[in-house]
Amino acid sequence: MHRIITILLLSIAPLAYATPEEAQRIQRGYELHTETWSLKYKLATTPEERNALQASRPNPTATANELFRTIAPTLQADWAIPYAAFFLELTQNLTAPDANGNMTPAFTEERKRIIQAFIAYHLGKPGIEPIIIALSGIEDPQALSILEKIAAEHPSEGTQGIAALGAALALSRLGDEPELMKKRLTFLRKAIIQASELKVGDTTVADVAAEQLYIIQHLIKGRSAPEFTGTDVAGRILKLSDFRGKIVVLLFWDAQNPDTDRIIELTNRLTQKNIGKPVAVIGITPESATRIEELQGDDSIKWNNIADPKNELAGAYRIVSRPAVMVIDAKGVIEYTGLPGTFVDLTVDALLTGNAE
């Protein structure tokens, strides 16, 4: 009898933690840890201090595990919406090794459960804006169709407008073909008409839409990449136009990303693969020149970098999250925008062989 009671208690134990207070504690704790760690890292003045700080870097995987255990039993509850959104955003770039040791997206089943619960319980409710914003930024095959459905059917015109903005953002990751561009512009128009003054994080729908329109006009495939001037870690002035005749891979990155080690590995591999070829890999990072010089000096990173502590270059290229990559052809025309990885390599290879579309 005692054994049966124990099993029953263990089976319902997770429900004891399914409270908004517990979820808030987990999220806020991670955010505070991240803010504190980032400040300490920026203030660190020696390699020893920075190396010591690396060991205490906030762990998004541990936070995601704890948060999901907390919200999973009650994903149908309205209070779980903002924490489910935070989980989706926190895990969107996390990876884990599969059975063969290959790195694959982490938390796929947990993300699927959250999205299924959102479809089942929350699509037409008020207060779903956090999930809308999260869906606009994740790589999930259902995300775009969910956003389109909300934009068309939600009872609130304002929520429809925010979902339209989310759909436009989701479409931006699918390419620059004419039909996709037409859909993006249609959704942006709807967002501006129906929700221009509504808040999206710290800004407004109108401001985000304006940034998207600027990107469409200046920063998509086929446009000439904006000129920039920056100083590399050796103190040399670099301009994009200095690299005419070469394929340029711009990597916007920073050491605070939880997947930094994988980004460095991918970019080192790309750099070494193209030694002796007309390819220039340039990092643009808010990290200090001293820190980057140390990493380049001990060969931890094998590509040149421009320090951008005030994010001026990132702002000119409308980079809102890192990592982000732009591949620019020998004439200065943008050929790819997106994440590091296979598509970057394929684009560079195509340009080198003259097979780019």
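The values are calculated or read from the model by the stated rules, or taken from the named source; none is laboratory data. Values in this document were obtained by computation on a predicted structure and should not be read as measured data. Backbone-built Cβ (ideal geometry, glycine too); neighbour counts: all protein chains shown.
Structural remarks
- Residue within region 234-241 that is among the β-branched types (Val, Ile, Thr), free of Cβ contacts under 8 Å to residues at least 60 places away in the same chain and in a helix (DSSP H, G or I) present: no
- Annotation: of all residues in region 301-331 being part of a loop (DSSP other than H, G, I, E, B) and in contact with a helix residue (DSSP H, G or I) (Cβ under 7 Å, 6 or more places away or on another chain), the one that is modelled with the highest pLDDT is Asp329.
- When residues of region 33-87 are limited to those that are part of a loop (DSSP other than H, G, I, E, B) and not polar (S, T, N, Q), the one farthest from Thr260 (Cα to Cα): Ala77
- Listing of helices (runs of 4 or more DSSP H) fully contained in region 88-179 that carry 2 or more residues being surrounded by fewer than 21 Cβ atoms within 10 Å (Cβ to Cβ) and of a type in the set (Val, Ile, Thr): 108-121
- Filtered residues of region 211-270 (kept if of a type in the set (D, E, K, R), under 23 Å from Glu89 (Cβ atoms) and either in the same structural domain as Asp349 (by TED's automatic domain parsing) or in contact with a Leu (Cβ under 9 Å, 6 or more places away or on another chain) (or both)): Asp254, Asp259, Asp261, Arg262
- Within the option set Thr74, Thr63, being of a type in the set (Ser, Thr, Tyr) and in contact (Cβ under 8 Å) with a residue 40 or more places away in the chain holds for one residue only, Thr74.
Every residue, every condition in (1) over 14 Å from Val281 (Cα atoms); (2) among the polar types (S, T, N, Q); (3) surrounded by 14 or more Cβ atoms within 10 Å (Cβ to Cβ), yes or no:
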site	(1), (2), (3)
Lys310	yes, no, no
Ala314	yes, no, yes
Ile319	yes, no, yes
Arg322	yes, no, yes
Thr342	yes, yes, no
Asp345	no, no, yes
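- Checklist (1) surrounded by 16 or more Cβ atoms within 10 Å (Cβ to Cβ); (2) closer than 20 Å to Glu287 by Cβ; (3) in contact (Cβ under 8 Å) with a residue 60 or more places away in the chain applied to Tyr30, failing item: (2)
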